[in-house]
Amino acid sequence: MGVLDIYSASSNCFFRTSSSHTPLTPGSAILGNKNRVVSMASVQPVEHQVNDGQQQVTGDSFIRPHFRKLSPYQPILPFEVFRYNPHFPLFQSDYAMNYVFTVNCSPDSKVRAVVSRETESFGDRMNWDKRFCYYWAAAIIAEVRWYPCYKQSVLSSQLGRKPEDIIKLDANENPYGPPPEASHICYCTFFLYEQKYFSLLLNIVFEALGSLKFPYIYPDPESRRLRAALAEDSGLEAKYILVGCGADELIDLIMRCVLDPGDKIVDCPPTFTMYEFDAAVNAAGVIKVPRKSDFSLDLELIKDAVEKEKPKCIFLTSPNNPDGSIINDDDLLKILKLPVLVILDEAYVEFSTIESRMQWVKKHENLIVLRTFSKRAGLAGLRVGYGAFPLSIIEYLWRAKQPYNVSVAAEVSACAALKNPTYLENVKDALLKERERLYNLLEDVPFLNPFPSHSNFILCKVTSGMDAKKLKEDLAKIGVMIRHYNSKELKGFVRVSVGKPEHTDILMDCLRRFY
């Protein structure tokens with residue numbers, strides 16, 4: 001892959017592209033080794049504020065300089081407010097970027113980057129170092145590989161099975177789905193892709209959205225109703241909360257606001273791969289600090305990497321995907337003392353024994369906490385995520401985010417889910433009970449070694465000479481989907497999502513065919 005990779009072997013960290021060629025234009029510095037490429041984009045030093053003799057990181061010190069120059073966010077009122085206040089002025093915020101950036105990839109994988117501006121040439125606006133970084137970004141983007149996650153109808157065609165006969169335990173989805181009040185909207189979203197259900201789609205759309213007076217009007221750009229509901233649910237004031245089209249959008253938004261081309265992030269594999277993916281798309285380097293054999297964080301290596309490499313931010317997941325381990329308060333506090341922005345991904349926190357750290361953003365200006373409705377509420381298909389941000393940081397994300405990033409259907413469904421805490425709690429209890437049962441059953445499989453998990457999935461080491469990829473493929477042939485990995489950290493591992501009891505029964509029946 002052409003994804004930028006930075007290895008931290010002892011004290012040596014260097015850029016390396018794993019492709020056989022390095023499609024970089026002049027402007028890179030080749031030092032000794034042909035694979036060693038040093039970016040000429042300078043890393044902005046982290047600013048500090050001295051308080052009682054101690055250094056304190058301020059949240060806005062992580063923001064890219066040109067983002068600080070953008071006009072302050074001006075609220076765009078939802079249509080319901082505007083129609084009652086016809087003379088109230090509406091404002092539009094500035095676009096975050098003024099440049100048009102095009103990447104042309106020829107069949108032989110060569111990359112040509114064309115950057116222009118409507119009124120001024122690219123060369124007049126940016127120095128050579130920056131131009132190099134954009135060319136570099138083009139080279140990375142052109143080679144980033146996307147691994148598809150197929151929906152039921154596609155799997156049905158590939159496997160020659162009916163969609164309802166496929167047991168999908170490969171993507172950590174909530175098999176119970178959303179609360180009843182949100183179900184119609186979710187069905188609408190699913191059937192939108194199925195032509196044979198088009199007539200049913202129309203009925204469901206009108207039924208689900210019929211109560212909305214203006215479904216043809218763009219959604220509220222601030223998702224006020226959902227943020228108010230999240231504030232009530234979490235106990236954190238709405239002003240700290242930002243909603244996105246899934247947590248993935250917020251991850252990318254954070255990187256766009258924080259990282260200049262050539263800046264670095266710390267990643268702790270094995271973990272969620274979107275951090276590395278988005279870093280590559282944003283032309284950032286990745287300092288990999290591997291986890292220990294029990295998947296816990298190596299705090300000493302993290303501290304060493306931050307001190308020597310001066311990264312802008314570190315991405316942590318608790319519970320971690322794919323192993324389900326958690327970060328305790330003491331370890332998190334130690335990391336928060338480092339001069340780095342900490343992004344804590346809590347996509348699976350509801351399935352763990354720990355409390356969310358959303359409230360912590362009020363005390364720690366270098367902490368961001370991300371959450372999602374995909375796992376807890378079964379709304380993965382509607383793409384609703386949210387995050388808790390320090391006030392000194394969230395101001396700049398408001399300036400840069402897309403104005404209508406959460407659809408009307410997604411917001412209505414998420415609000416409906418939050419109005420049904422009993423349903424959500426019952427679903428969580430059912431999944432936790434089934435997780436314990438699944439773990440005990442997997443322990444009895446002679447070629448699997450499961451790891452304890454605090455999430456809705458279980459990671460297993462494939463042993464006894466069994467090939468992990470072949471196991472995944474053999475199960476797929478009989479209609480059961482699990483996840484396997486190609487990365488060096490997880491070679492020989494598979495991950496099984498927790499489903500309903502009947503899903504576990506079918507999985508175990510299939511596994512017994514192999515021993």
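Each value in this text was obtained by applying a stated rule to the coordinates, not by laboratory testing. Bear in mind that the values here come from a model prediction, so they are computed numbers and not experimental data. FYI the Cβ positions are ideal-geometry reconstructions off the backbone, even for glycines, and counts take in every protein chain you see.
Structural remarks
- Given K292/K491; K334/K419; K312/K428, the pairs whose alpha carbons are separated by over 27 Å: K334/K419; K312/K428
- Whole-Hz ³J(HN,Hα) from phi, Karplus 6.51 cos²θ - 1.76 cosθ + 1.60, for segment 402-413, glycine and proline x: 5, x, 10, 7, 10, 5, 4, 4, 5, 5, 4, 5
- For segment 302-331, backbone nitrogen atoms closer than 18 Å to the point 7 Å from S487 Cα along Cα-to-C-beta are found at 302, 313-327.
- Residues whose placed amide H lies under 5 Å from that of V480, excluding near-sequence neighbours: I167
- Sorting 301-307, 492-498 by average packing, meaning the other beta carbons within 10 Å per residue, from highest down gives 492-498, 301-307.
- Among N321, A409, W360 the positive-end extreme of the charge dipole of segment 289-447 (Cβ point charges): A409
- D444-K292 FRET efficiency (beta carbon distance; Förster radius 25 Å; 0.05 resolution): 0.40
- Calculated FRET efficiency for the pair R437/E307, C-beta based, R₀ 30 Å, to 0.05: 0.10
- In order along segment 260-275, the Karplus-derived 3J(HN,Hα) couplings, from 6.51 cos²θ - 1.76 cosθ + 1.60 at θ = phi - 60°, round to 7, x, x, 5, 10, 10, 9, 10, 10, x, x, 7, 4, 7, 5, 5 Hz, and Gly and Pro are given as x.
- Student exercise, segment 338-457 dipole from Lys, Arg, Asp, Glu Cβ charges, in Debye to nearest 20: 400
- Note that segment 498-508 has calculated 3J(HN,Hα) couplings of 7, x, 7, x, 5, 5, 4, 4, 5, 4, 5 Hz, one per residue in order, obtained from phi through the Karplus relation 6.51 cos²θ - 1.76 cosθ + 1.60 (θ = phi - 60°); glycine and proline are x.
- With the gyration tensor restricted to C-alpha atoms of segment 365-515, the semi-axes of the equivalent ellipsoid amount to 36, 19, 15 Å, longest first.
- Inter-centroid distance (Cα atoms) of segment 424-500 relative to segment 261-285, Å: 26
- Length released on extending from A430 to I354, taking residue separation times 0.36 nm less the Cα-Cα span: 25.6 nm
- Distant-in-sequence amide H partners of Y218 (H built 1.01 Å from N, under 5 Å): none
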